[in-house]
Each structure stands twice: as C-alpha cells, then as structure tokens.
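The values are calculated or read from the model by the stated rules, or taken from the named source; none is laboratory data. The structure presented is a predicted model; accordingly, all values stated were derived computationally and were not measured. Using ideal geometry, Cβ is built from the backbone for each residue, glycine included, and neighbour counts are taken over all protein chains shown. Note: areas computed on protein heavy atoms with side chains; ligands, DNA, RNA excluded. Shrake-Rupley method; radii C 1.70, N 1.55, O 1.52, S 1.80 Å.
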Amino acid sequence: MKIEKNKVVAVAYDLQAKDQEGNVEVSEKVNAQEPMVFLFGSSGLPEKFEEGLDGLTSGSEFKFVITSEEAYGDFEEEAVVNLSKEIFKIDGEFDESKFQVGTFVPMSDADGNFLRGKVLAVNQNELTIDFNHPLAGLNLEFQGKVVEVREATAEELDHGHVHGPGGHHH
C-alpha cells in the first residue's frame, strides 16, 4: 500500500537538526518498535516532511533534508522576551523549581493562543523566555524507513488523527 492522503503511516527515523554551519544541535532517533504514527495529510507536520514520504510503501527507505524555512522557520530574536516574575506568581509566590533554565513553560497570548516557551535565564525580577519552535533556524535531515502503511478507520478520519498503538487514545 502506498502512502497517500488519509493513510495511517508509521515511520522509524534518525533526525539530525543542524544549524547553518552544519553543526548538529538536536539529534533524535525513533525506532521501528515504537515508530512515529500519523494520519498522512492531517499530521500537522511540516508539509515537506509529508512530501518526502508521499508515494512510498511499507519497507521503503527514505532520506531527505528540510530547510529551516520549509520546516519551522528562521530563529526570530523578537520571540525571545523578558517577562516579569510577577506574572508567574501563584498566591503571591514565585516557585523557582518550576522555572529552571531549559524548562518549557506553557502560556497563552492575549488572543488565547497556546504558546510554549523555553526558559533561557532566571534573573532577580524577570525570566528570559524563548518562544521560537525548538527546531526553528535548523535544517532537518531525516533518514529512515516506512514501518507500516494502512487504511485509516472511519473514526480516525472523522477525528483527524490515529487511534491505537502509537496514536491517540480516548
């Protein structure tokens, strides 16, 4: 069965995310025993990732690069902000343990959109938080194998995501 819109796809891969000089910043390995499983065409993954898999079949190997512009965009300096510790206080207290450097903080903007920021620094009165995607500014090099391709169930199509092993559970 070929990978195409509305098929459930399971892939194993090695990812190396490299900066513009080619230095590896992030490395990730997803094995065939616990593959990434998604509904093709509705995954929310970068469009170029799905394009790299389109038409492949179970057992096919793949290797492709997605530039930062085609993946999560360039790193934007203006997405790194300083925020007062006051906005993070609960009952008048700031809990240092929840805001360690490297911690991801869930937040929302003025319009209620979900944001996730990485704490870069904790100072006396403020936090420096990076709201860029963790892979922003990096070129993504994928090498892997298609583990499985199957028909999506009616419920998966209706819900827009995979159910069961490797997918969403209700």
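The table below lists the values:
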quantity: Filter result for Gln20 (modelled with pLDDT under 95 and either of a type in the set (Phe, Trp, Tyr) or more than 23 Å from Asp158 (Cβ to Cβ) (or both)); calculated: yes
quantity: Hey, Glu156 open to solvent by 30 Å² or more (accessible area, probe 1.4 Å) and acidic (Asp, Glu) or not; calculated: no
quantity: Strands (runs of 3 or more DSSP E) (entirely within segment 1-59) containing at least 3 residues that are among the charged types (D, E, K, R); calculated: 7-18, 24-30
quantity: Counted residues, segment 52-78 - those being in contact with a strand residue (DSSP E or B) (Cβ under 7 Å, 6 or more places away or on another chain), open to solvent by 50 Å² or more (accessible area, probe 1.4 Å) and of a type outside the set (Ser, Thr, Tyr); calculated: 3
quantity: Residues (surrounded by fewer than 16 Cβ atoms within 10 Å (Cβ to Cβ) and under 17 Å from the mean Cα position of the chain (by Cα)) located in segment 1-18; calculated: Asp14
quantity: Hey, Ile129 open to solvent by less than 80 Å² (accessible area, probe 1.4 Å) and of a type outside the set (S, T, N, Q) or not; calculated: yes
quantity: Among the candidates Phe94, Phe49, residue that is open to solvent by less than 50 Å² (accessible area, probe 1.4 Å) and either of a type in the set (Val, Ile, Thr) or at pLDDT 95 or above (or both); calculated: Phe49
